[in-house]
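Read-outs: derived from the displayed coordinates by stated rules, not from any lab. Computed from a predicted structure; not experimentally measured. Here Cβ is always computed from backbone atoms with ideal geometry, including for glycine, and neighbour counts include all displayed protein chains.
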Amino acid sequence: MKQPTSLHQHENYARAVRRLGGYSHWYNTECGPVLGVERRKLGLTFLWAAGLPQGVNLPPANVTIFNMCHSVSRPAWTIRVAKGVETALWDIRPDIIQLRSGLSQKWRNRLARAERSGLEMIADELPADPNHWLLTKAQEHGRISCYRGWPPAMTAAYAADPKASLLVQTADKSAAMLFLRHGIGATYHIGWRAIDAPVGVHNLILWQAIMMLKVEGIQIIDLGTLPKSNKGLCHFKLGTGAHVQPTGDTFLKLRIGQEKSRRSGGFSKIVSGLIQPP
């Protein structure tokens, strides 16, 4: 099966960065074109790239931060700054009957209950509005849970491309899920539900979303990370029949002369000024 281009290596992401005034550039490498985001800070060039194929060599920069799609051994002359995570990937190429039979019993029961509830659903693209109600709810939840996701402006900038997003929500806005398209893949980006939302509402939303995405030619859904601290969320994602996919670690590579490093206050000050990617 052809693997989808990762979200951070797709042209939609490059355009979103540029819409916000950032500098995204495609570099020609031995593994093909690779997208990187550059920023100048402290008189240095910072390069950030994510979702890279194995074996790729990035162009030189003073500070490079990168991670791979898959787990690899630590590249030479790099420092590991973050461990990889596990994500849930759902292959939705099988027909609907096969997909439904691949659901866990509990997941299927919740879906059936939500289907019988008569919930009205609305599906559309996300408006390119950083003040959209779902982005506001997600930001509020992120502050409470200490989760740092994309800024609303970045999500809105990504959604500015036609057919770059799919938003499925209940008519009363008690629950919603947002997906970002990238080639033959789509990533579950944001979800929210009210405390009093019906049981199984996200099961129904996700099920309706994959039926629509299948019609559009999407083959793989990235349901996001599997946080060990949230067993309920892990069960929800893996209950679809998705498989666990480890991602690579994040590495830091420095190319700063000794004199430059001393003038900058050494390693600690350099690291404290690293770019924060969207």
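Packing around the peptides 163-169, 119-125, taken as the average count of other Cβ atoms within 10 Å per residue, puts them in this order, highest first: 163-169, 119-125. Volume of the convex hull of segment 100-179 (Cα atoms only), normalised per residue: 129 Å³.
Derived from the Cα gyration tensor, the three semi-axes of the equivalent ellipsoid of the chain are 36, 20, 18 Å, largest first.
Between residue 212 and residue 45, the modelled labels are 4.2 nm apart [label points 7 Å from Cα along Cα→Cβ].
The angle between the Cα long axis of helix 105-116 and the main principal axis of the chain comes to about 60°, on a 0 to 90 degree scale.
About its Cα centre, the dipole of the chain is roughly 980 debye, where the only charges are +1 on Lys and Arg Cβ and -1 on Asp and Glu Cβ. Both the radius of gyration and Dmax for segment 87-245 are 14.8, 40 Å, in that order, over alpha-carbon atoms. Derived value for segment 1-113: Kirkwood hydrodynamic radius 17.0 Å. Basis is the mean of 1/r over every pair of different alpha-carbon atoms. Per-residue 3J(HN,Hα) values for segment 93-103, derived from phi via the Karplus relation 6.51 cos²θ - 1.76 cosθ + 1.60 with θ = phi - 60°, read 5, x, 5, 4, 4, 5, 4, 5, 5, x, 6 Hz in sequence order (x marks Gly and Pro).
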